[in-house]
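Asker: Below is one structure. I have some questions about it.
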């Protein structure tokens, strides 16, 4: 073992955007004193085999934060940011009310708000595509009423049941030139207690369907705020695990609020030789 690397690191698993264990989106969180080599962090994320593993280290403003799927490092992840702040505010520093993270997506702030945590994220409003998108319809198994684009494609459907009933072809989604695909619809039927529902598919990032996706709501919140004519929205991601997010559009920023639950607290042993590739 290199003297610059620890022999073991703390590991937490947190279910984010839910108030019940085994709901929401699970994320692994690894607090570090200093960065591990990126290939080693990637292997840790692959070993955890969750949609995201977050690593953070102390910095001048608070903490530097990075996120890894099982196959790649990403530039923004909502649920793993919520999980990281939850670990900091409940496990490591229970008196803390506010966390500042420096990330690839800039400065992200998370604050306690009653029994929830509220994250301040950049908005990513979509633009509507004017041409038909038959390849996307084939990938999702249903034809959306409209298609929009931001970091991911956004397929808009008429009702929540259409989104719940999607049976996507992940090989076809992987062939699309996009980060991921968001499917969304107004809250109708059994989901009429929320403003909109969604699902998120990102097989190109090593995640076929993400249970609850904070970063997708950086695009969904501006879209639905404009469509419904109000900035405060309640959302539900209707994956098999499910989860709920409160959204507030504030100019070019989006506030995303949700609960989190600690499921696992432990230690990961590191290999004697750190991967370098």
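The values are calculated or read from the model by the stated rules, or taken from the named source; none is laboratory data. Source: prediction; values computed, not measured. For neighbour counting, all protein chains shown are included, and Cβ atoms are generated from backbone atoms with ideal geometry for every residue, glycine included.
Asker: Looking at residue 82, is it out of contact with any helix residue (DSSP H, G or I) (no Cβ under 8 Å at 6 or more places or on another chain) and either touching a residue at least 12 places away in the same chain (Cβ under 8 Å) or in a loop (DSSP other than H, G, I, E, B) (or both)? Spell out how you get there, then give the answer.
Answerer: Values: out of contact with any helix residue (DSSP H, G or I) (no Cβ under 8 Å at 6 or more places or on another chain): yes; either touching a residue at least 12 places away in the same chain (Cβ under 8 Å) or in a loop (DSSP other than H, G, I, E, B) (or both): yes.
So residue 82 fits the description; yes.
Asker: Name the strands (runs of 3 or more DSSP E) wholly inside the range 178-277 in which the number of residues that are modelled with pLDDT of 95 or more, farther than 25 Å from residue 14 by Cα and not assigned by TED's automatic domain parsing to the domain that holds residue 12 is 3 or more.
Answerer: On the way: elements: 181-186, 196-202, 207-210, 232-237, 243-250, 253-258, 260-269.
By residue number, 181-186.
Asker: Does residue 108 satisfy the criteria of being outside the structural domain of residue 162 (by TED's automatic domain parsing), surrounded by 19 or more Cβ atoms within 10 Å (Cβ to Cβ) and in contact (Cβ under 8 Å) with a residue 60 or more places away in the chain?
Answerer: On the way: outside the structural domain of residue 162 (by TED's automatic domain parsing): yes; surrounded by 19 or more Cβ atoms within 10 Å (Cβ to Cβ): yes; in contact (Cβ under 8 Å) with a residue 60 or more places away in the chain: no.
Considered against the rule, which asks whether it is outside the structural domain of residue 162 (by TED's automatic domain parsing), surrounded by 19 or more Cβ atoms within 10 Å (Cβ to Cβ) and in contact (Cβ under 8 Å) with a residue 60 or more places away in the chain, residue 108 comes out as no.
Asker: With more than 21 Å from residue 263 (Cα to Cα) and at pLDDT below 95 as the only criterion, which of 60, 38 stands out? Even if it seems obvious, please write down each step before you answer.
Answerer: Details: 38 fails: at pLDDT below 95.
Result of the check over 60, 38: 60.
Asker: Name every residue in the range 201-237 that is surrounded by fewer than 24 Cβ atoms within 10 Å (Cβ to Cβ) and within 19 Å of residue 26 (Cα to Cα), in order of residue number.
Answerer: Across the range 201-237, the qualifying residues are 203, 205, 206, 207, 208, 209, 236.
Asker: For the range 122-150, give me each residue that is farther than 16 Å from residue 178 by Cα, in a strand (DSSP E or B) and either modelled with pLDDT of 95 or more or out of contact with any strand residue (DSSP E or B) (no Cβ under 9 Å at 6 or more places or on another chain) (or both).
Answerer: Listed by number, the list holds a single entry, 146.
Asker: Among the numbered criteria (1) surrounded by 15 or more Cβ atoms within 10 Å (Cβ to Cβ); (2) in contact (Cβ under 8 Å) with a residue 60 or more places away in the chain; (3) in contact with a strand residue (DSSP E or B) (Cβ under 7 Å, 6 or more places away or on another chain); (4) farther than 27 Å from residue 151 by Cβ, which single criterion is violated by residue 20?
Answerer: (1)
Asker: Between 162, 139, which is surrounded by 14 or more Cβ atoms within 10 Å (Cβ to Cβ), free of Cβ contacts under 8 Å to residues at least 60 places away in the same chain and more than 30 Å from residue 105 (Cα to Cα)?
Answerer: Working: 139 fails: more than 30 Å from residue 105 (Cα to Cα).
Of the residues listed, the single one that is surrounded by 14 or more Cβ atoms within 10 Å (Cβ to Cβ), free of Cβ contacts under 8 Å to residues at least 60 places away in the same chain and more than 30 Å from residue 105 (Cα to Cα) is 162.
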